[in-house]
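Have a look at the structure below, then the notes.
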Amino acid sequence: MKLAAFDIGTNTTLMLAVETSAGGTLRPILELSRITRLGKGVDKTGALDPEAAQCTLDAIVEFADAARRAGVDRFAAVATSALRDARDGADFIARVRERSGVELKIISGREEAELSHLAVIRGLKIDPSARLLIVDIGGGSTELICAEPGRELRMTSLQIGSVRLTERIIYSDPPSASEVVELREEIDRTLDTLGWNFKPDKLVGIAGTVTTVCAVALEMETYDSARVHGHVLSRAEVSRVAALFGKLPLAERKKLKGLVEGRADVIFAGATILERLMLRFAVNDVIVSDQGVRWGLAWRDASR
């Protein structure tokens, strides 16, 4: 069976097409990604931006057509924070169905976290006895998953993300000193609401913010998922890259090796979320995973 898994996020539209085997393995046959910024303005207006919605719709149609040409006979598609928050999300889903034939499902923060956890467990060789914290920093929200041996998963979705916080707080280019302070304080206030007394053995970071921080730290001319997936970033490296994002104006930030242009305007907020999380949970490094929600979705549907 060939399956295509779509992850329609606040910032990025992603599709993974795989071939499944009777032995339960997945063989990637096609991976497509485009920054479409579906969540643009949703935090302020509660509605989808027409241009961003059209851009996202066009990407889904294009990706679905490419998947069919590759022989895909089954689709699974989920949408996260932007469509959870937008009052016209149902209208967008209807347009997606009409134009692409893809049935898009809005998932809860908890289900998003479960898919992320599945992707990490299947995609990285991690000691099952380790106390694990998984972080997925998206455009509109940040999902945290706490996994401990012998206990049920603890999961939460925090309303802090790279796009949301940039739109709320960052108006200067580069960010002003007061905006940097406000950004950190807003992240810390949100983390204060967790009430988790948890010291993880390992921290895993998934999705585009963390992989972008990694790509910039490695000064990658061309993104290479094989180098990024499983790479270990120290807290010092994360702080260095976050500080670099914060001191450069947007035009200069866009020139950094490893930084995709469509993330340049929001990456400082995303990197700061990662930095504050590492400080809060007193971890010295983060394992980077290039396999996020779309991989968890593919694993889940393949097992069914």
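Lys247: which lysines have alpha carbons under 17 Å from its alpha carbon, excluding same-chain residues fewer than 8 sequence positions away? Within the straight-line cut-off, Lys247 pairs with Lys255, Lys257.
Per residue, the convex hull spanned by the alpha carbons of segment 1-90 comes to 85 Å³.
Taking N as the residue count of the chain, its C-alpha radius of gyration divided by 2.2 N^0.38 Å amounts to 0.95. Surface listing: Arg300, Arg164, Arg99, Arg280 arranged by accessible area from highest to lowest gives Arg99, Arg280, Arg300, Arg164, probe 1.4 Å.
Rg of the Cα atoms in segment 93-212, relative to 2.2 N^0.38 Å, amounts to 1.25. Amide H contacts for Gly230 (H built 1.01 Å from N in the peptide plane; partners 5 or more residues away or on another chain; cut-off under 5 Å): Val288, Ser289, Asp290. Shown for the chain are the DSSP H helices of 24 Å or more along their axis, judged by Cα atoms, with a mean Kyte-Doolittle hydropathy of at least -0.5: 50-69. Annotation: lysines with alpha-carbon distance below 16 angstrom to Lys202 (same-chain offsets under eight excluded): Lys125. Within the chain, what percent of beta bridges assigned by DSSP are antiparallel, to the nearest 5? Antiparallel: roughly 65 percent of the beta bridges in the chain.
The values are calculated or read from the model by the stated rules, or taken from the named source; none is laboratory data. Bear in mind that the values here come from a model prediction, so they are computed numbers and not experimental data. Just the protein is used for accessible areas: all its heavy atoms, side chains included, with ligands, DNA and RNA removed. Shrake-Rupley method; radii C 1.70, N 1.55, O 1.52, S 1.80 Å.
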